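All remarks here apply to the structure that follows.
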Amino acid sequence: MNNLRSHIAPLRNARSFSRRPSVTLFALSLASTLVASCTHAQPQSSIDSRVEALLRQMTLDEKIGQMTQVDSDALKDRSHIQKYALGSVLSGGSSDTGDNSPQAWLQLAQECHAWAAKTRLKIPLLYGIDAIHGHNNVDGAVVFPHNIGLGATRNPALVEQAARITAREVAGTGINWTFAPCVAVALDPRWGRTYESFSDSPELAGRLGAAAVRGFQGDTYTTPGSILACAKHYVGDGGTRRGVDQGDTVCDEATLRQVHLSPYKSAIAAGVGSVMASFSSWNGTKMHAHKYLLTDVLKGELGFKGFVVSDWAGIDQLSRDYKHAIELAINAGLDMAMVPNGPGQKNNYIDFITHLKDLVTGGRVPQARIDDAVRRILRVKFEAGLFDLKPVDPALTTAIGSAEHRSVARECVRQSLVLLKNDPAVLPLRKNAKHIAVVGSAADDLGIQCGGWTVSWQGQTGRVMRAGTTILQAIRQTVSSDTTVTFSPDASGIGEADAVVAVIGEHPYAEGQGDRAELRLSASDAALVAKAKQAGKPLVTILLSGRPLVLGETLDASDAFIAAWLPGTEGLGVADVLFGDYAPTGKLPRIWPGDAKLTAGVAPAFPFGFGLTDYGRKAGGTRTAAATP
Ligand code: GLC
């Protein structure tokens, strides 16, 4: 646990855990959040002894409760947190609350923490959420570029800073755990989760994943607003055949270790406190039931001292017999079950609790396995300072969506943009141009800019959040007052513009709903650029996508082409590059395929690491420019 201890704020003024109903502790636990507050690390022995002392007091019911994580939407009766001594609550991608404001989320979290404080042993709750590119469920939060864009920055310090801000915004809503970073090495970009992967390079995915862990969990003991991180999805989620989500990763063990396991070594070295098991399989065996990889490799060989959480009803996929599925998963090394279903639904959290108790009393799941799981969960809670509760610092809540946070997200956008072409050199555009024509509906669509996992699981087109700047708005804010900026979703009315900016892009998706058989631009996007080209004006094309797409004639028709990935709410970062306030530095974080079906032997359109810097002035601005990873 040393590596974990060094990165998650240990306890301050640690007090021996007692059953004495301490009013102070009770009051503080009403609004808990992780506070990296310690001026010194707690001796590991002190935490371990406190864990053992608490474990000895726990009944089997309380132990199983700690291993149970319930979705807030399923938790119609929140007193069940107390009744079943639940260890964790989550809000899944679409389990939103009230008006989705920071205050509504804070109230929800505080209510859940308060119920945990009413349990016999007052073991604090871990509240988890998918804050994977900012506190993206919350309206008003800053939405950062998705990981594929952060991968293009090649900037661990910036990735850590983005995670730090995300952690502070999450902590400002009383939530203390994010299911991030995804450290998948996405090999086939037809996978709907390619944008959640930093890179198809294990080294880069590991380096940036570790930076995100440090950002979330804090690497100094005086940093307020730390939250628990979660490396996911263990292991090989990005290696499935044809990029099929939750599919089968077929490879030898050496390849699995070299490609997909190595980022977890970086995350563990960075102190990550939790790991999420993958829905996918390795050579036909589901990861959620893979004892060798979950226990022998992750916990034994790699020495991971945190805990393993399942994915969303991931256990259910192991067998039609839910009880048997639970037996397989827990015995394989799963420590906490993410159970999204509530009373009245199949395989609900009461079923899980009942079945697991039967399995233990019936000798099918050893008591020692339960104790190991609970020990890991408790140790993380102690290490993360959960027992040493402070009220949510109101400054964290008011800072959600602040200008300071947005400026960092804007920097991430700037550094994430990859200039693929600038020939003839039409970039940078002039801020005092007489007329700039912006075309394409994606130019004024915050939902497309943000992509999936934004307010809802799948994301949505349109004004997905109250606060945010579209690329069109950013252009209008950047040019001179004498410049006319016209906007035409269908590329009509370009007239005598000095330049045309065409914005095209994928509509939002998440997980398997983003799986594609081929990597093509939509016909409407290709047609838009072709029509814009007919105007005979300098044409800059910006692609908003969660992955590379085969560009074909669209690239040839564009004088300049920028891969902008899914930049999030801060569109001004795009304008900064368009108008020369920031010369592009982004480098492709993954190979850009030359063939929509990834046919073997077809050369990439652009190699890993390609990116024109300084607008390509030195490199001639063409796609043949040397790649500099
Ligand atoms: C989803 C995803 C996982 C996420 C979890 C909770 O199915 O696979 O990445 O953290 O459920 O929302």
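The values are calculated or read from the model by the stated rules, or taken from the named source; none is laboratory data. Quick caveat: nothing in here was measured; it's all calculated off a predicted structure. Quick reminder, even Gly has a Cβ in these numbers, built from the backbone with ideal geometry, and neighbours come from all protein chains shown. Ligands, DNA and RNA are excluded from the accessible area calculation, which covers all protein heavy atoms including side chains. Shrake-Rupley method; radii C 1.70, N 1.55, O 1.52, S 1.80 Å.
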- Specify which of the listed residues (333, 342, 306) is out of contact with any His (no Cβ under 6 Å at 6 or more places or on another chain), closer than 10 Å to residue 277 by Cβ and open to solvent by less than 10 Å² (accessible area, probe 1.4 Å). 333
- Query: Looking only at the stretch 424-463, which residues are buried (at least 19 other Cβ atoms within 10 Å of the Cβ), in a loop (DSSP other than H, G, I, E, B) and more than 16 Å from the ligand (Cβ to nearest atom)?
  - Reply: 426, 427, 428, 429, 440, 445
- Message: Would you confirm whether or not the stretch 560-573 contains a residue that is more than 15 Å from residue 415 (Cα to Cα), surrounded by 24 or more Cβ atoms within 10 Å (Cβ to Cβ) and of a type outside the set (Val, Ile, Thr)?
- Response: yes
- Query: Of these, 167, 211, 152, which one is farther than 26 Å from residue 87 by Cβ and touching a strand residue (DSSP E or B) at 6+ places or on another chain (Cβ under 9 Å)?
  - Reply: 152
- Query: Quick one: is residue 194 of a type outside the set (A, V, I, L, M), surrounded by 24 or more Cβ atoms within 10 Å (Cβ to Cβ), outside the structural domain of residue 567 (by TED's automatic domain parsing) and within 15 Å of the ligand (Cβ to nearest atom)?
  - Reply: yes
- Message: If residue 214 satisfies all but one of (1) within 14 Å of the ligand (Cβ to nearest atom); (2) over 25 Å from residue 606 (Cα atoms); (3) in contact (Cβ under 8 Å) with a residue 40 or more places away in the chain, what's the number of the condition it fails?
- Response: (1)
- Query: Can we say residue 311 is open to solvent by 10 Å² or more (accessible area, probe 1.4 Å), among the acidic types (Asp, Glu) and touching a residue at least 24 places away in the same chain (Cβ under 8 Å)?
  - Reply: yes
- Query: Using beta carbons and a limit of 7 Å, which pairs, at least six apart or on different chains, have the first residue in the stretch 360-372 and at negative phi and the second one open to solvent by 30 Å² or more (accessible area, probe 1.4 Å)?
  - Reply: 360/60; 360/367; 365/331; 369/331
- Of the residues that sit in the stretch 117-156 and are on the phi > 0 side of the Ramachandran plot and away from the ligand (no atom under 16 Å from the Cβ), which one is least open to solvent (accessible area, probe 1.4 Å)? 140
- Flagged in the stretch 531-554 as part of a helix (DSSP H, G or I) and open to solvent by 50 Å² or more (accessible area, probe 1.4 Å), in numbering order, are 531, 533, 534, 553
- Message: Quick check on my filter: what residues within the stretch 517-528 are buried (at least 18 other Cβ atoms within 10 Å of the Cβ) and more than 20 Å from residue 445 (Cβ to Cβ)?
- Response: 519
- Taking the stretch 61-99 only, how many residues are of a type outside the set (A, V, I, L, M, F, W, C) and either within 12 Å of the ligand (Cβ to nearest atom) or at pLDDT below 95 (or both)? 15
- the stretch 177-191: number of residues that are away from the ligand (no atom under 11 Å from the Cβ) and among the hydrophobic types (A, V, I, L, M, F, W, C): 5
- Message: Exactly one of these conditions fails for residue 417: (1) of a type outside the set (Asp, Glu); (2) open to solvent by less than 20 Å² (accessible area, probe 1.4 Å); (3) closer than 24 Å to residue 69 by Cβ; (4) away from the ligand (no atom under 16 Å from the Cβ). Give me its number.
- Response: (3)
- Note on the structure: Subset of the stretch 169-191, residues under 23 Å from residue 308 (Cβ atoms) and either outside the structural domain of residue 114 (by TED's automatic domain parsing) or among the small types (Gly, Ala, Ser) (or both), comes to 180, 184, 186
- Note on the structure: Taking the stretch 545-562 and keeping only residues that are within 26 Å of residue 496 (Cα to Cα) and not β-branched (Val, Ile, Thr), one is left with 553, 555, 556, 557, 558, 559, 560, 561
- Query: Picking from 365, 374, which residue would you name as being more than 24 Å from the chain's Cα centre (by Cα) and crowded, with 24+ Cβ neighbours inside 10 Å?
  - Reply: 374
- Message: If residue 78 meets every condition in (1) touching a Cys at 6+ places or on another chain (Cβ under 8 Å); (2) open to solvent by 20 Å² or more (accessible area, probe 1.4 Å); (3) within 30 Å of residue 509 (Cα to Cα) apart from one, which number is that one?
- Response: (3)
- Lone unmet requirement of (1) at positive phi; (2) surrounded by fewer than 20 Cβ atoms within 10 Å (Cβ to Cβ) for residue 491: (2)
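Yes/no per residue for (1) out of contact with any strand residue (DSSP E or B) (no Cβ under 7 Å at 6 or more places or on another chain); (2) open to solvent by 50 Å² or more (accessible area, probe 1.4 Å); (3) of a type in the set (Val, Ile, Thr):
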residue: 349; (1), (2), (3): no, no, no
residue: 357; (1), (2), (3): yes, yes, no
residue: 382; (1), (2), (3): yes, no, no
residue: 387; (1), (2), (3): yes, no, no
- Query: How about the stretch 239-273: which of its residues are surrounded by fewer than 22 Cβ atoms within 10 Å (Cβ to Cβ), in contact (Cβ under 8 Å) with a residue 40 or more places away in the chain and among the small types (Gly, Ala, Ser)?
  - Reply: 262, 266, 269
- Message: Here are the criteria: (1) free of Cβ contacts under 8 Å to residues at least 60 places away in the same chain; (2) closer than 24 Å to residue 251 by Cα; (3) buried (at least 21 other Cβ atoms within 10 Å of the Cβ). Tell me which single one residue 276 does not satisfy.
- Response: (1)
- Message: Yes or no: the stretch 28-47 includes at least one residue that is modelled with pLDDT of 90 or more and either open to solvent by less than 60 Å² (accessible area, probe 1.4 Å) or under 31 Å from the mean Cα position of the chain (by Cα) (or both).
- Response: yes
- Task: Go through the stretch 279-292 residue by residue and tally those that are more than 12 Å from residue 317 (Cβ to Cβ) and buried (at least 24 other Cβ atoms within 10 Å of the Cβ).
- Result: 1
- Taking the stretch 166-187 and keeping only residues that are open to solvent by 10 Å² or more (accessible area, probe 1.4 Å) and not in a helix (DSSP H, G or I), one is left with 187
